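The values are calculated or read from the model by the stated rules, or taken from the named source; none is laboratory data. Remember, it's a predicted structure, so these values are computed and weren't measured experimentally. Neighbour counts are summed over all protein chains in view; Cβ atoms, including those assigned to glycine, are modelled from backbone coordinates with ideal geometry. To get the accessible areas, we keep the full protein, side chains included, count just its heavy atoms, and leave off ligands, DNA and RNA. Shrake-Rupley method; radii C 1.70, N 1.55, O 1.52, S 1.80 Å.
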Amino acid sequence: SDLSSGINAEWPLRPGAPKHNNMVFDSHFHKDWQRYVKTWFNQAGKKKRRRTKRLDKAKAIAPRPTSLLRPVVHCQTIRYNAKVRAGRGFTLDELKAAGINRKQALSIGISVDHRRKNRSQESLQANVLRLKEYKSRLILFPRKASKPKKGDSSQAELDVATQHTGPVLPIKQVLSDTKARKITDAEKKASAFQTMRMYRANAKLVGIREKRAKEAAEDDGLGVAKKKK
């Protein structure tokens, strides 16, 4: 060993050794790893059991459909908001516009979400039409066959009723029919940044501009506001 330099030449530093006055690594790679391995030999059995449970559920709730009616909602973020998908439930405004009570909706296979809000008139109208279409196709069985109530389907409709499986009124993607075209000179000269900045400034200064306009109306023309009596 080279004692003059203070370095032990016979014991070189281990690769990956910790810095400073810390503990030397002593990793354990001989653990019983077989206890931690998760196997999936029952995949086929699980698949069969899921299918059997679906069939049993369908028989238990027959002749009701196997799934609820879901609303059409837009996906989140600017990347996916052009696509539509099935939402959690219809809003209370949509049910009110379609003439359906919220408690009645749950009993006839319509999902309800009291937390969702309608941000546009287009989405409200789309889901209202969806509810009305579902209502027109709905065959409502009476609670008591001998005493049908108002709104229940006729006996002829009950005889031809079948259970619906799968999604109710599947949602279809609406493709845009906009075709590619050349950019006009007006669009090239327009600046989206300047337009947004102008609208933002107008919204910010609306109060002070109204105040100045009011003071100018009360001005007597000499630059001095009229004194209030």
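Can you name the residue in the stretch 81-106 that is assigned to a loop (DSSP other than H, G, I, E, B) and closer than 17 Å to Val174 by Cα and, of all such residues, is least open to solvent (accessible area, probe 1.4 Å)?
Here the answer is Gly87.
Could you grab me the full set of residues in the stretch 127-139 that are crowded, with 17+ Cβ neighbours inside 10 Å and farther than 19 Å from Pro65 by Cβ?
Val128
For the subset of the stretch 26-75 comprising residues that are at pLDDT below 95, over 30 Å from Leu175 (Cβ atoms) and hydroxyl-bearing (Ser, Thr, Tyr), which member is most open to solvent (accessible area, probe 1.4 Å)?
Across the stretch 26-75, the extreme among qualifying residues is Tyr36.
Inside the stretch 140-170, can you point out the residues that are within 22 Å of Val112 (Cα to Cα), touching a residue at least 24 places away in the same chain (Cβ under 8 Å) and more than 29 Å from the chain's Cα centre (by Cα)?
Within the stretch 140-170, Leu140, Phe141 meet the criteria.
Which condition number in (1) in a helix (DSSP H, G or I); (2) at pLDDT below 95; (3) within 22 Å of Gly166 (Cα to Cα) is the one that Ile78 fails?
With (1) in a helix (DSSP H, G or I); (2) at pLDDT below 95; (3) within 22 Å of Gly166 (Cα to Cα) applied to Ile78, the lone miss is (3).
Among (1) more than 30 Å from Arg70 (Cα to Cα); (2) of a type in the set (S, T, N, Q); (3) at pLDDT below 90, which single condition is Gln194 missing?
Answer for Gln194: the failing condition is (3).
Regarding Val160, is this residue hydrophobic (A, V, I, L, M, F, W, C) and closer than 25 Å to Arg70 by Cβ?
When the stated conditions are applied, Val160 does not pass them.
Hey, could you check the stretch 140-165 for residues that are charged (D, E, K, R) and part of a loop (DSSP other than H, G, I, E, B) and say which is most open to solvent (accessible area, probe 1.4 Å)?
Out of the qualifying residues, it is Arg143.
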